(Lines give C-alpha, C1' and ligand atoms only; values in the text may rest on other atoms or scores of the structure.)
Protein backbone atom coordinates (compact mmCIF):
# COMPACT_ATOMS: atom_id res chain seq x y z
CA UNK A 1 0.00 0.00 0.00
CA UNK A 2 2.71 2.59 0.83
CA UNK A 3 4.47 1.93 -2.50
CA UNK A 4 1.18 2.39 -4.36
CA UNK A 5 0.71 5.74 -2.59
CA UNK A 6 4.21 6.85 -3.55
CA UNK A 7 3.59 5.91 -7.18
CA UNK A 8 0.25 7.71 -7.34
CA UNK A 9 1.59 10.98 -5.88
CA UNK A 10 3.70 11.96 -8.97
CA UNK A 11 0.79 11.02 -11.23
CA UNK A 12 -1.55 13.32 -9.32
CA UNK A 13 1.04 16.11 -9.49
CA UNK A 14 1.39 15.68 -13.26
CA UNK A 15 -2.38 15.75 -13.66
CA UNK A 16 -2.56 18.92 -11.53
CA UNK A 17 0.12 20.60 -13.67
CA UNK A 18 -1.65 19.65 -16.91
CA UNK A 19 -4.94 20.99 -15.57
CA UNK A 20 -3.15 24.17 -14.52
CA UNK A 21 -1.64 24.64 -17.98
CA UNK A 22 -5.04 24.05 -19.59
CA UNK A 23 -6.66 26.57 -17.24
CA UNK A 24 -3.95 29.13 -18.00
CA UNK A 25 -4.41 28.68 -21.77
CA UNK A 26 -8.16 29.19 -21.33
CA UNK A 27 -7.59 32.36 -19.30
CA UNK A 28 -5.24 33.78 -21.95
CA UNK A 29 -7.84 33.11 -24.64
CA UNK A 30 -10.60 34.64 -22.51
CA UNK A 31 -8.61 37.79 -21.65
CA UNK A 32 -7.53 38.26 -25.27
CA UNK A 33 -3.95 37.65 -26.49
CA UNK A 34 -3.95 41.07 -28.19
CA UNK A 35 -4.76 42.92 -24.96
CA UNK A 36 -2.18 40.89 -23.07
CA UNK A 37 0.46 41.75 -25.68
CA UNK A 38 -0.39 45.43 -25.35
CA UNK A 39 -0.08 45.19 -21.58
CA UNK A 40 3.32 43.52 -22.02
CA UNK A 41 4.40 46.50 -24.15
CA UNK A 42 3.18 48.87 -21.43
CA UNK A 43 5.32 47.04 -18.86
CA UNK A 44 8.43 47.24 -21.10
CA UNK A 45 11.46 47.99 -18.92
CA UNK A 46 9.21 48.19 -15.88
CA UNK A 47 9.57 44.42 -15.54
CA UNK A 48 13.25 44.90 -14.73
CA UNK A 49 12.25 47.26 -11.92
CA UNK A 50 9.80 44.66 -10.60
CA UNK A 51 12.54 41.99 -10.63
CA UNK A 52 14.96 44.36 -8.88
CA UNK A 53 12.34 45.18 -6.23
CA UNK A 54 11.84 41.47 -5.60
CA UNK A 55 15.61 41.05 -5.27
CA UNK A 56 15.62 43.78 -2.61
CA UNK A 57 12.76 41.96 -0.84
CA UNK A 58 14.89 38.79 -0.80
CA UNK A 59 17.72 40.78 0.80
CA UNK A 60 15.33 42.10 3.47
CA UNK A 61 14.07 38.57 4.22
CA UNK A 62 17.64 37.28 4.39
CA UNK A 63 18.50 39.99 6.91
CA UNK A 64 15.48 38.93 8.98
CA UNK A 65 16.68 35.31 8.93
CA UNK A 66 20.21 36.28 9.97
CA UNK A 67 18.78 38.03 13.05
CA UNK A 68 17.14 34.72 13.99
CA UNK A 69 20.54 33.02 13.70
CA UNK A 70 21.91 35.31 16.44
CA UNK A 71 25.65 34.72 16.98
CA UNK A 72 25.78 31.90 14.46
CA UNK A 73 25.19 34.44 11.67
CA UNK A 74 28.86 35.45 12.02
CA UNK A 75 29.90 31.95 10.94
CA UNK A 76 28.32 32.27 7.49
CA UNK A 77 28.45 35.08 4.94
CA UNK A 78 25.44 37.20 4.08
CA UNK A 79 25.63 36.16 0.43
CA UNK A 80 25.52 32.47 1.30
CA UNK A 81 22.41 32.95 3.44
CA UNK A 82 20.87 34.95 0.58
CA UNK A 83 21.66 32.10 -1.80
CA UNK A 84 20.15 29.55 0.59
CA UNK A 85 16.96 31.59 0.86
CA UNK A 86 16.72 31.66 -2.93
CA UNK A 87 17.29 27.88 -3.00
CA UNK A 88 14.51 27.41 -0.44
CA UNK A 89 12.03 29.58 -2.32
CA UNK A 90 12.89 27.95 -5.65
CA UNK A 91 12.05 24.52 -4.23
CA UNK A 92 8.93 25.97 -2.57
CA UNK A 93 7.53 26.69 -6.04
CA UNK A 94 6.53 23.00 -6.09
CA UNK A 95 3.76 23.56 -3.54
CA UNK A 96 3.36 22.35 0.04
CA UNK A 97 5.85 19.49 -0.38
CA UNK A 98 8.31 21.88 -1.99
CA UNK A 99 7.94 24.27 0.93
CA UNK A 100 8.88 21.53 3.40
CA UNK A 101 11.85 20.38 1.31
CA UNK A 102 12.92 23.98 0.69
CA UNK A 103 13.08 24.82 4.38
CA UNK A 104 14.88 21.53 5.05
CA UNK A 105 17.42 22.46 2.38
CA UNK A 106 17.96 25.79 4.12
CA UNK A 107 18.77 23.93 7.35
CA UNK A 108 21.03 21.33 5.75
CA UNK A 109 23.04 23.61 3.48
CA UNK A 110 23.95 26.06 6.22
CA UNK A 111 26.95 23.83 6.83
CA UNK A 112 28.62 22.21 9.80
CA UNK A 113 29.71 25.59 11.20
CA UNK A 114 26.18 26.20 12.49
CA UNK A 115 24.82 23.69 15.05
CA UNK A 116 21.86 21.74 13.72
CA UNK A 117 19.62 22.86 16.60
CA UNK A 118 20.41 26.52 15.89
CA UNK A 119 19.78 26.04 12.18
CA UNK A 120 16.40 24.39 12.76
CA UNK A 121 15.26 26.94 15.31
CA UNK A 122 16.33 29.92 13.14
CA UNK A 123 14.54 28.62 10.05
CA UNK A 124 11.41 27.77 12.07
CA UNK A 125 11.41 31.20 13.71
CA UNK A 126 12.02 32.98 10.41
CA UNK A 127 9.21 31.08 8.66
CA UNK A 128 6.89 31.59 11.63
CA UNK A 129 7.46 35.35 11.71
CA UNK A 130 7.03 35.55 7.94
CA UNK A 131 3.68 33.74 8.15
CA UNK A 132 2.58 35.88 11.10
CA UNK A 133 3.49 39.09 9.25
CA UNK A 134 1.63 37.82 6.19
CA UNK A 135 -1.43 37.15 8.36
CA UNK A 136 -1.29 40.73 9.68
CA UNK A 137 -1.16 42.11 6.12
CA UNK A 138 -4.02 39.80 5.08
CA UNK A 139 -6.17 40.95 8.01
CA UNK A 140 -5.46 44.62 7.19
CA UNK A 141 -6.30 44.04 3.52
CA UNK A 142 -9.53 42.18 4.24
CA UNK A 143 -10.70 44.87 6.66
CA UNK A 144 -9.89 47.52 4.06
CA UNK A 145 -11.77 45.51 1.41
CA UNK A 146 -14.83 45.28 3.65
CA UNK A 147 -15.00 49.09 3.80
CA UNK A 148 -13.70 50.07 0.35
CA UNK A 149 -15.16 47.44 -1.97
CA UNK A 150 -18.83 46.83 -2.58
CA UNK A 151 -19.48 43.53 -0.80
CA UNK A 152 -22.81 41.80 -0.38
CA UNK A 153 -24.02 41.10 3.12
CA UNK A 154 -23.07 37.42 2.88
CA UNK A 155 -19.59 38.16 1.52
CA UNK A 156 -19.03 40.76 4.23
CA UNK A 157 -20.03 38.15 6.83
CA UNK A 158 -17.59 35.61 5.38
CA UNK A 159 -14.85 38.25 5.40
CA UNK A 160 -15.49 38.97 9.07
CA UNK A 161 -15.42 35.26 9.94
CA UNK A 162 -12.13 34.77 8.09
CA UNK A 163 -10.56 37.79 9.81
CA UNK A 164 -11.70 36.44 13.18
CA UNK A 165 -10.22 33.02 12.34
CA UNK A 166 -6.85 34.60 11.44
CA UNK A 167 -6.85 36.60 14.68
CA UNK A 168 -7.54 33.41 16.63
CA UNK A 169 -4.67 31.60 14.89
CA UNK A 170 -2.30 34.48 15.65
CA UNK A 171 -3.46 34.46 19.27
CA UNK A 172 -2.89 30.70 19.52
CA UNK A 173 0.62 31.10 18.07
CA UNK A 174 1.49 33.79 20.63
CA UNK A 175 0.02 31.70 23.45
CA UNK A 176 2.00 28.63 22.31
CA UNK A 177 5.28 30.55 22.53
CA UNK A 178 4.46 32.29 25.83
CA UNK A 179 3.27 29.04 27.48
CA UNK A 180 6.16 27.02 26.03
CA UNK A 181 4.04 24.37 24.35
CA UNK A 182 6.03 21.40 22.92
CA UNK A 183 5.83 22.57 19.29
CA UNK A 184 8.71 20.37 18.09
CA UNK A 185 9.02 17.58 20.66
CA UNK A 186 5.27 16.90 20.81
CA UNK A 187 4.87 16.06 17.10
CA UNK A 188 8.23 14.23 17.22
CA UNK A 189 6.99 11.98 20.04
CA UNK A 190 3.82 11.29 18.07
CA UNK A 191 5.86 10.42 14.97
CA UNK A 192 8.11 8.24 17.13
CA UNK A 193 5.21 5.90 17.77
CA UNK A 194 5.29 4.97 14.09
CA UNK A 195 7.76 2.06 13.62
CA UNK A 196 9.23 3.50 10.40
CA UNK A 197 10.26 6.76 12.12
CA UNK A 198 11.02 5.53 15.65
CA UNK A 199 14.76 4.96 15.14
CA UNK A 200 15.36 8.27 13.36
CA UNK A 201 13.32 10.26 15.92
CA UNK A 202 15.20 8.69 18.84
CA UNK A 203 18.55 9.52 17.24
CA UNK A 204 17.51 13.16 16.76
CA UNK A 205 15.75 13.62 20.12
CA UNK A 206 18.48 15.81 21.65
CA UNK A 207 18.65 18.05 18.56
CA UNK A 208 14.85 18.43 18.44
CA UNK A 209 14.61 19.37 22.11
CA UNK A 210 17.51 21.83 21.83
CA UNK A 211 15.96 23.47 18.75
CA UNK A 212 12.64 23.73 20.60
CA UNK A 213 14.26 25.44 23.61
CA UNK A 214 16.02 27.97 21.38
CA UNK A 215 12.83 28.63 19.42
CA UNK A 216 10.68 29.20 22.53
CA UNK A 217 13.28 31.34 24.33
CA UNK A 218 14.32 33.46 21.35
CA UNK A 219 11.95 36.37 22.12
CA UNK A 220 13.14 36.45 25.76
CA UNK A 221 16.87 36.00 25.22
CA UNK A 222 17.13 38.39 22.26
CA UNK A 223 14.07 40.69 22.16
CA UNK A 224 15.86 43.17 19.88
CA UNK A 225 16.65 40.50 17.29
CA UNK A 226 13.13 39.04 17.61
CA UNK A 227 11.34 42.32 16.94
CA UNK A 228 13.89 43.32 14.31
CA UNK A 229 13.23 40.08 12.43
CA UNK A 230 9.47 40.56 12.79
CA UNK A 231 9.66 44.13 11.43
CA UNK A 232 11.83 43.06 8.50
CA UNK A 233 9.43 40.24 7.62
CA UNK A 234 6.56 42.73 7.72
CA UNK A 235 8.61 45.06 5.49
CA UNK A 236 9.02 42.26 2.94
CA UNK A 237 5.23 41.93 2.73
CA UNK A 238 4.92 45.71 2.31
CA UNK A 239 7.37 45.46 -0.59
CA UNK A 240 5.00 42.91 -2.16
CA UNK A 241 2.23 45.53 -1.94
CA UNK A 242 4.57 48.06 -3.60
CA UNK A 243 5.18 45.48 -6.34
CA UNK A 244 1.44 45.22 -7.05
CA UNK A 245 1.12 49.02 -7.08
CA UNK A 246 4.12 49.36 -9.40
CA UNK A 247 2.87 46.80 -11.94
CA UNK A 248 -0.59 48.38 -12.06
CA UNK A 249 1.00 51.81 -12.46
CA UNK A 250 2.83 50.62 -15.59
CA UNK A 251 -0.40 49.05 -16.86
CA UNK A 252 -2.18 52.38 -16.54
CA UNK A 253 -4.59 51.17 -13.87
CA UNK A 254 -5.59 53.81 -11.33
CA UNK A 255 -5.34 51.83 -8.10
CA UNK A 256 -4.38 53.41 -4.77
CA UNK A 257 -1.91 51.93 -2.31
CA UNK A 258 -4.89 50.73 -0.26
CA UNK A 259 -6.20 49.02 -3.38
CA UNK A 260 -2.81 47.34 -3.84
CA UNK A 261 -2.98 46.21 -0.20
CA UNK A 262 -6.40 44.65 -0.83
CA UNK A 263 -5.17 42.87 -3.96
CA UNK A 264 -2.08 41.53 -2.18
CA UNK A 265 -4.08 40.28 0.81
CA UNK A 266 -6.53 38.45 -1.46
CA UNK A 267 -3.61 37.06 -3.47
CA UNK A 268 -2.22 35.51 -0.28
CA UNK A 269 -5.51 33.67 0.15
CA UNK A 270 -5.21 32.39 -3.42
CA UNK A 271 -1.71 31.09 -2.64
CA UNK A 272 -3.07 29.17 0.36
CA UNK A 273 -5.93 27.66 -1.66
CA UNK A 274 -3.69 26.73 -4.59
CA UNK A 275 -0.81 25.37 -2.50
CA UNK A 276 -1.80 21.78 -3.34
CA UNK A 277 -1.15 22.49 -7.02
CA UNK A 278 2.60 22.50 -7.87
CA UNK A 279 3.47 26.09 -8.69
CA UNK A 280 -0.17 27.12 -8.21
CA UNK A 281 -0.29 27.22 -12.02
CA UNK A 282 -3.50 28.54 -13.51
CA UNK A 283 -5.20 29.01 -10.14
CA UNK A 284 -2.94 31.95 -9.29
CA UNK A 285 -3.53 33.70 -12.62
CA UNK A 286 -7.27 33.02 -12.55
CA UNK A 287 -7.48 34.27 -8.99
CA UNK A 288 -5.75 37.50 -10.00
CA UNK A 289 -8.37 38.02 -12.71
CA UNK A 290 -11.20 37.53 -10.21
CA UNK A 291 -9.82 39.79 -7.47
CA UNK A 292 -8.73 42.31 -10.10
CA UNK A 293 -12.35 42.73 -11.15
CA UNK A 294 -13.28 43.45 -7.53
CA UNK A 295 -10.80 46.34 -7.62
CA UNK A 296 -12.07 47.63 -10.96
CA UNK A 297 -9.41 46.06 -13.21
CA UNK A 298 -10.16 44.48 -16.55
CA UNK A 299 -9.67 40.75 -16.99
CA UNK A 300 -6.57 41.37 -19.11
CA UNK A 301 -5.06 43.67 -16.47
CA UNK A 302 -5.69 41.16 -13.69
CA UNK A 303 -4.17 38.34 -15.72
CA UNK A 304 -1.18 40.51 -16.68
CA UNK A 305 -0.62 41.29 -13.01
CA UNK A 306 -0.53 37.57 -12.24
CA UNK A 307 1.74 36.79 -15.20
CA UNK A 308 4.20 39.57 -14.30
CA UNK A 309 4.48 38.28 -10.75
CA UNK A 310 4.83 34.74 -12.12
CA UNK A 311 7.71 35.84 -14.38
CA UNK A 312 9.40 37.56 -11.44
CA UNK A 313 9.08 34.39 -9.36
CA UNK A 314 10.46 32.26 -12.20
CA UNK A 315 13.47 34.57 -12.61
CA UNK A 316 14.46 34.32 -8.96
CA UNK A 317 13.65 30.59 -8.88
CA UNK A 318 16.18 30.10 -11.71
CA UNK A 319 18.73 32.03 -9.65
CA UNK A 320 17.90 29.75 -6.72
CA UNK A 321 18.45 26.62 -8.84
CA UNK A 322 21.83 28.01 -9.97
CA UNK A 323 22.73 28.57 -6.30
CA UNK A 324 21.68 25.00 -5.48
CA UNK A 325 23.90 23.61 -8.26
CA UNK A 326 26.78 25.77 -7.06
CA UNK A 327 26.46 24.61 -3.44
CA UNK A 328 26.15 20.98 -4.57
CA UNK A 329 29.35 21.34 -6.58
CA UNK A 330 31.11 22.99 -3.62
CA UNK A 331 30.03 20.14 -1.33
CA UNK A 332 31.32 17.60 -3.83
CA UNK A 333 34.72 19.27 -3.96
CA UNK A 334 34.86 19.59 -0.16
CA UNK A 335 33.88 15.99 0.66
CA UNK A 336 36.75 13.48 0.95
CA UNK A 337 35.17 10.94 -1.41
CA UNK A 338 34.19 13.62 -3.93
CA UNK A 339 30.48 12.92 -3.61
CA UNK A 340 28.00 15.68 -2.88
CA UNK A 341 25.11 15.30 -0.49
CA UNK A 342 22.01 15.19 -2.63
CA UNK A 343 19.13 17.37 -1.51
CA UNK A 344 16.27 14.90 -1.35
CA UNK A 345 13.60 14.01 1.11
CA UNK A 346 15.92 11.32 2.55
CA UNK A 347 19.07 13.41 2.83
CA UNK A 348 17.62 16.74 3.91
CA UNK A 349 17.59 15.96 7.64
CA UNK A 350 20.95 14.48 8.46
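The values are calculated or read from the model by the stated rules, or taken from the named source; none is laboratory data. These figures come from a predicted structure and were not determined experimentally. Every residue, glycine as well, gets a Cβ built from its backbone with ideal geometry; the counts of neighbours run over all protein chains shown.
For the stretch 1-27, a residue qualifies if it is surrounded by 15 or more Cβ atoms within 10 Å (Cβ to Cβ) and modelled with pLDDT of 70 or more, and the qualifying residues are 20, 23, 24, 27. Per the listing 252, 296, 302, 338, the residue uniquely outside any loop (DSSP other than H, G, I, E, B) and either in contact with a helix residue (DSSP H, G or I) (Cβ under 9 Å, 6 or more places away or on another chain) or modelled with pLDDT of 85 or more (or both) is 302. Restricting attention to the stretch 142-159, does a residue exist that is touching a residue at least 12 places away in the same chain (Cβ under 8 Å), under 22 Å from residue 309 (Cα atoms) and buried (at least 18 other Cβ atoms within 10 Å of the Cβ)? Among the residues of the stretch 142-159, at least one is touching a residue at least 12 places away in the same chain (Cβ under 8 Å), under 22 Å from residue 309 (Cα atoms) and buried (at least 18 other Cβ atoms within 10 Å of the Cβ), which makes the answer yes. Of the residues making up the stretch 33-48, just one is in a loop (DSSP other than H, G, I, E, B) and modelled with pLDDT of 85 or more, namely 45.
Residues checked against (1) farther than 18 Å from residue 315 by Cα; (2) at pLDDT 90 or above; (3) in contact with a strand residue (DSSP E or B) (Cβ under 9 Å, 6 or more places away or on another chain):
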position	(1), (2), (3)
83	no, yes, no
98	no, no, no
114	yes, no, no
128	yes, yes, no
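When residue 112 is tested against (1) closer than 19 Å to residue 229 by Cβ; (2) free of Cβ contacts under 8 Å to residues at least 40 places away in the same chain, just one condition goes unmet, and that condition is (1). Where helices (runs of 4 or more DSSP H) sit wholly within the stretch 94-193, those with at least 2 residues that are within 23 Å of the chain's Cα centre (by Cα) occupy 96-108, 116-148, 153-179.
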